[in-house]
Each structure stands twice: as structure tokens, then as C-alpha cells.
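What follows draws every value from the coordinates through simple rules; no lab data is involved. Because the structure is a prediction, the values reported are computed rather than measured. Virtual Cβ from ideal backbone geometry, glycine too; neighbours counted across all protein chains shown.
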Amino acid sequence: MLDKLSSRLTYANVHTDTDVIYDLDSDRVKESIVLGKKDSTLRGYRYTLDVGTMNPVLQDDGSILFYAEDNATIVMTMPAPYLQDAELEISTEIEVFLTGSGSQYTLTYILPCQWLADENRQWPVILDPVI
């Protein structure tokens, strides 16, 4: 019998007023980027993905399907990311770009600056991609 079914790891202040939280459950890793306050210089985030032999394919909705080397079997999915503020207001208007080839890809999220700048926005805001 397992005594822990989930774990959490927090990296505090990885950027000005920004924490990164990783929640690990038995079948998923959930990364939450917690934006503590409005930052007018923030446009988005860029990640380097080492996908090994998987082939990532960006979908029209911003999600990513990772296919096995045979390109027939989906082995992992990344749903489209979203933003949620402290009052539970949500934005799904994040632009997602995936570039690269072989085992190295760059995943870029461009955030909706107008939504973040709204005077009614309640902080903190969480960027919530699920892997």
C-alpha cells in the first residue's frame, strides 16, 4: 500500500515575483507558473524539450500530441495551457508555438497581455500547463 499518491515541488522566485510549482501524481506532471503581480515586460515563456525518440505534433487548439517513433501510437499528451487568476477567471488565449526537429524542440507560450493588464485582474495569476 502506497502512503503517498502525489508530491509537490516548489521553486520560489525563479523570476521576479514568479514561482514554479510541480505537482506529480501517478499519471501526470502538472506545472504551475505562479505570477505574483503584473509585469508589463513579460510576454511569455520558452521551454526546451528533449523528446528523445518521440515526435511532438502541435494541434490547432494548442495541445501537443507526442507520438512514438512509429508515428502511429500516442504515448503522451500536453493539453493546451490556460491562465487563471485569483478570482478563478480563466483565459485560454495563449499562443503556442513548437519548433525544432530530432530530439530537441522549443515550446513557446505567448501570453495574452491585454487579459493580464485588465484592471480587474486579481493576482496571483497561474499559467497552468498540464503534461
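Just a few scattered comments:
- Dividing the summed helix terms, -39500 (n - 2.57) for each DSSP H run of n ≥ 4, by the number of residues in the chain produces a 222 nm estimate of -500 deg cm²/dmol to the nearest 500.
- In this structure the amide hydrogen of residue 63, modeled in the peptide plane, comes within under 5 Å of the amide hydrogens of 80, none closer than 5 places in sequence on its chain.
- With q set to 0.13, 0.15, 0.20, 0.22 Å⁻¹, the log10 of I(q)/I(0) for region 66-116, from the Debye formula over equal scatterers at the Cα positions, is -0.47, -0.58, -0.82, -0.90.
- Taking amide H atoms as placed 1.01 Å from N in the peptide plane, the amide H of residue 100 lies under 5 Å from those of 106, each 5 or more residues away in sequence or on another chain.
- Among 61, 27, 17: highest mean-square fluctuation, GNM of the chain, C-alpha pairs under 10 Å: 27
- Dipole axis of the chain (+1 Lys, Arg; -1 Asp, Glu on Cβ), positive-most option in 48, 6, 26: 48
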